[in-house]
1. State which helices in the chain qualify, where a helix is a whole DSSP H run, it must extend 27 Å or more along its own axis by its Cα atoms, and its mean Kyte-Doolittle hydropathy must be at least 0.0.
2. Taking H as built 1.01 Å from N, whose amide H comes closer than 5 Å to the amide H of His194, not counting residues under 5 places away?
3. For the chain, what is the accessible area per residue in Å² when the probe is 1.4 Å?
4. Relative contact order, percent, of the chain when contacts are C-alpha pairs under 8 Å separated by at least 6 residues?
5. Would you please give the FRET efficiency between Ser106 and Thr49, computed as 1/(1 + (r/R0)^6) with r the Cβ-Cβ distance and R0 = 35 Å, to the nearest 0.05?
6. Please compute the length gained on full extension between Arg374 and Ser298, using 0.36 nm multiplied by the number of residues separating them and subtracting their Cα-Cα distance.
7. I'd like the carbon and sulfur percentage of the solvent accessible area for region 133-244, probe radius 1.4 Å, heavy atoms only, ligands and nucleic acids excluded.
8. Using helices alone, I'd like the mean residue ellipticity at 222 nm for the chain: each DSSP H run of four-plus residues gives -39500 (n - 2.57), total over residue count, nearest 500.
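The values are calculated or read from the model by the stated rules, or taken from the named source; none is laboratory data. Since we're looking at a predicted model, the values are computed, not measured. All Cβ positions, even for glycine, are placed from backbone atoms using ideal geometry, and neighbour counts span all protein chains on display. To get the accessible areas, we keep the full protein, side chains included, count just its heavy atoms, and leave off ligands, DNA and RNA. Shrake-Rupley method; radii C 1.70, N 1.55, O 1.52, S 1.80 Å.
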Amino acid sequence: MALRRVVGPVLSVGTGLRVKTSARFFKTAGALCRRAAPLGPMPNEGIDTKNLEALEKYRSYTRYLQVAEEANDKDVWWKTYRKHTEKKCDSGFEPVDIGLPHCRPSRKMEAKERTRVMKQNKENPDLERAARLRTFRIQLDRVKSEWEKTNGPYHIQRLAEHYGIYQDLFPMAYFVPRVMLRVAYGDDSSAMVHYGNRLSPSQASRAPHINFEAEDNSLWTLLLTSPDEHLQDNEQEYVHWLVGNIPGNAVHSGQEVCNYIAPFPAKGTGYHRYIFILFKQEDIIDFSSDVLPSPCHSLKQRSFKTLEFYRKHEDLFTPAGLAFFQCQWDSSVSSTFHTLLNMREPVFEYERPPVYHPPQKKYPHKQPLRYMDRYRDGQEHTYGIY
């Protein structure tokens, strides 16, 4: 009512001055402020707040946890936090496992083996004495070997999902890396590739050393690709290395479909992912339609799509190993663009030039007391009185 008393005279004055008014906006704004009735019962609506002592007590944490889980599973009419965060597939299909089949031993056998090892350790007097004197040392090589056989593949899968590897390379599919792929750069293998660690382009300037456990009569395919590097199409990739028909783990004896080229993340584009994928072949594959000229320095020819490559040969190989690292621009990328790719280097950030200072005056007039700071050689400032 108070608003109407103020707005009425103002609108009449505006009409007399032939000024276009928008009185309907007040009505619209008022309508938008109205709250709609809830579509169902509100939470805790049936609780009598005046008689809280009559409510049923949980009596134990287990009982409380059970009731909480039941309430969490109930369907409600409002949009919950879970519905906001859950990623729903538009097509209605669940991701498909395209990796190697795995037969996990029964939990009963695992528990039996664990009990046997614990009993054996308790009966070992040397182990008991070392534990009591705090001189016992754990062999990390044995721990890592056991991790690779048990939980390691699933941990690597979770890391790959965190970095969006499957989402960008194999949409609606994933695989558990059953074969441990060990990749090391440098002559002394000092720069190791793990699962998302950071390496510089200069460290990855040459082809790495590849090692994995394989049978003598087995065949493999090794791929190195980058889903973040393409300069023209975000859906495309650049293939950095592709070797097929690898006998055993002798990568140098395989067929080089595409020669190795160092990472070249453009300046100002942040970190790029570089992904090694190891495929296990069922038989010899004819890569004649995939072979690129060696050396291949054309980005157009190196444009690649992992999903299309996999669909083309999916009947003959299966993804089995995975390793990836992140890389950011350094000075070696400029050399790669200018010498190997023979093109101008793209730069996606602005470098501000140094601040211009006019020539120094011997007797500066009407200048602040810190006038000499801009002409000092060092970074240390002299502070004067203002």
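1. The qualifying helices: there are none.
2. The answer is Phe324.
3. 74
4. 14
5. 0.10
6. Contour length minus the Cα-Cα distance gives 22.6 nm.
7. Answer for region 133-244 is 45 percent, counting heavy atoms of protein chains only.
8. The helix contribution divided over the chain gives -8000 deg cm²/dmol.
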